[in-house]
Amino acid sequence: MGQRQQLFVIARVGKHYRCLAVVHHQLLCGDRSLETCLRLIKIFSAKENRHALEVELRLAAEFYKNQEPPSKTPPLLSGPSWEHHQRSPVRFPFVATCLSVGASIHTDHPDQDADPLDVHMTHFEREDTGFDQSNNNDGILVLDITHLDKVRYCYAAWFRIGWRWYSDPDDPETEEDDGDSLKPALLNTPWSGWDYAQHYIDMNSTPQYVGAMRAVSDKLADHFLIDVSALADVWPWGNWELDQSVEMSKLEAPATVLTGGASLKNQALAKVLQSLLTSEEPDVSLLDAPLGIPSFRKDLQLHLYNLKDDLVRPDLPIAAELLRAAFAGETTLDLARFPGLAPETIIALAQGSGFEGARALSLCPDWNSTEPAALAQAICAFPHLHDLYVMELPGRESEGPIGALYQALAVHPRCPSGRILLAGAASRAIKNRMWLPTAEPFVPPPSHPLLQMMVLYQTYPYHTYGTENLPPLYYFHLADAFLTPTRFANGLVRILTSQLSIEDESVWSRAVAHHFTLASSNFSNPSALEINPLPAEIYTLAKRQFSRSDFKQCSTKMRDLLPGAWTVLIDVGWTRKADREYPPRTRPFVKLPQNFFQVAFVRPREGVTIVADPDAAQSFGPDDIEVVDLEGFLGATAPGTNLEGLHRQLERFETQGRSMIDDADAVAVARGRRLSRTPMEPARACELLRQAIARLPEIRRWYRRTNGWGLAEDEKWYPELDLGAC
């Protein structure tokens with residue numbers, strides 16, 4: 001049977017279920033589909049992703065509040081509506097990123113083979129794509145994230161072809177076949193993981209494969225199935241079997257919808273707030289006495305949410321006082337409840353008392369009335385901000401100036417020091433579009449100091465590299481990846497680990513974007529499924545490289561090395577071990593090469609700039625750069641960080657590498673890797689930088705070769721990437 005599958009994320013927002021994100025997977029089936037389902041449930045349930053998901057669910061409820069119920073006819077996937085979708089931003093970027101990344105990777109653990117080989121197999125589709133539309137012959141996988149602490153799932157199919165009859169000895173009406181009861185697959189109804197497994201494979205096939213599917217299905221049995229009525233609500237035109245469904249009116253309402261009750265207390269509070277908003281001389285002290293009541297602050301927050309259209313006005317000074325009364329003392333300040341809140345109000349809120357301990361801030365700006373520089377000033381008015389979430393309105397017609405916002409944050413001395421999640425950046429990355437301007441040199445903020453990474457392979461005599469016989473060079477722009485030093489280190493270990501069992505060096509192109517997107521913010525839990533925006537430049541090029549063979553030798557433009565920004569150099573070299581006789585199935589008496597990595601972090605000293613241009617008349621030497629190893633980098637950029645968790649990861653990596661080298665029967669024996677602990681000498685770092693800069697004309701030649709080769713006018717995307725003189 002075919003192996004194409006669609007993955008949908010739905011949620012009940014308001015009175016109806018809606019589809020929030022859709023991904024098409026070109027090669028997903030069997031046990032890998034079941035593993036993907038389990039992984040996605042973990043991602044959407046993870047506490048690290050909870051806040052951003054709650055905000056987008058609330059924005060979805062507001063967006064669909066006054067819209068018509070889902071259509072009883074499937075949408076048109078061509079014509080003006082499709083063209084509009086191609087140009088429009090992603091409605092729910094963080095949900096879509098969680099779905100896309102979760103569907104692209106193979107494992108949840110960085111100490112296993114975690115190469116995201118499916119980066120080129122997943123494609124984002126418009127949110128209103130029907131369950132039976134697009135290219136699909138392996139059914140659908142649906143996840144319901146209405147309640148993030150109880151994520152539901154199901155498989156479903158609506159066609160008979162390809163699905164196996166399965167055994168059900170408890171049903172006397174099924175046909176007999178060699179003593180087994182068989183019945184056809186049930187269509188238009190939710191399937192559990194084990195239902196899907198029985199319909200997909202022959203239970204008499206390879207025991208190991210059946211056992212693998214059973215093992216994952218048993219884990220999925222701990223999670224609730226989506227009710228068929230939810231599927232019928234999202235896609236009313238389907239022939240759903242509603243006999244066993246729960247009535248929609250009996251389903252629990254989403255916890256993310258904020259409403260106030262109709263009690264006398266709430267009526268009185270609503271009247272007081274309305275009076276304060278309309279008074280010429282409002283007296284917020286009227287709320288001092290009731291604020292001593294334990295539940296009053298929560299009621300006040302709900303009422304202010306219902307008055308959000310008034311509070312976001314920039315000419316309303318009392319807005320900051322009311323918000324302070326409602327949210328004072330909270331460490332996570334959720335101002336995204338008030339989309340379009342004026343920067344002046346945010347600054348007034350931060351400068352008053354009550355928010356000295358605020359560590360996380362979420363906002364949802366209206367870019368039609370908000371300047372990015374003003375918003376950056378408002379964000380940095382909070383003195384100890386660690387995490388920042390800038391979400392986006394689902395109904396926006398175009399992307400906001402995310403690049404200008406990040407540039408303004410980067411130069412501010414109080415730029416948030418932890419997680420920076422810009423939903424607009426996630427939206428652009430999913431659509432394979434750049435967002436960080438490249439016309440002027442960009443120095444990332446000190447809290448996110450990585451600018452770029454280069455991987456340089458040294459010549460290996462038994463291998464040729466194309467017509468010019470040059471070893472691979474991989475370049476990755478990191479400034480749009482929002483990498484803290486800890487996240488970079490965790491992502492780097494994931495990437496290096498993925499090299500242990502992969503024969504093709506080009507795995508770098510496939511691996512880097514997703515591993516950094518999944519990189520955890522702490523060393524104590526490196527396998528946490530924390531989702532961050534995809535690095536737009538790396539991801540865009542990776543998608544192109546695996547859809548067009550003529551892009552495989554291309555990389556994006558190398559940036560100048562500037563003081564304050566770190567460049568990562570990974571030197572991939574070869575050593576030799578003694579001759580060893582291989583088993584009969586392999587070549588005898590082959591030299592066994594051992595692949596080693598040496599990682600260095602480089603930045604120019606003050607007053608020195610290294611221009612990434614082979615034609616520039618420049619000279620630089622070891623005295624012009626600072627070179628440190630991984631621990632030295634962490635000591636310089638994240639002093640005081642506990643590195644025990646990192647040391648455990650590196651020990652696991654080295655153990656795996658040694659076991660592969662020592663196992664003569666392993667297919668990957670000639671690809672064993674290790675990580676050099678010897679610090680790179682500054683002279684060697686200078687040599688690698690010169691090698692990388694000298695290769696730039698070669699990369700430009702590749703762009704000239706690809707220019708116009710079968711590209712439609714709207715597909716000529718590389719000038720947008722500022723790839724240099726092509």
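Observations on the model:
- Top positive-direction residue, dipole computed over the range 613-656 with Cβ charges, set Phe633, Gly645, Pro614: Gly645
- Ellipsoid semi-axes in whole angstrom, largest first, where each is sqrt(5λ) of the Cα gyration tensor of the range 313-464: 35, 18, 13
- Cα gyration tensor shape for the range 1-100, rounded if a/c is under 1.5, else prolate or oblate: oblate
- 9 Å beta-carbon shell around Ala612, net charge (K/R +1, D/E -1): 0
- Applying 1/(1 + (r/R0)^6) with r as the Cβ-Cβ distance of Lys42 and Glu280 and R0 = 56 angstrom yields a FRET efficiency of 0.55.
- Modelled label positions at Lys15 and His412, each set 7 Å beyond Cα in the direction of Cβ, lie 4.1 nm from each other.
None of the figures in this text is laboratory data; all of them are computed from the coordinates on show. Small disclaimer: the values here were computed from a predicted structure and weren't measured. Cβ: placed from backbone, ideal geometry, glycine included. Neighbour counts: every protein chain shown.
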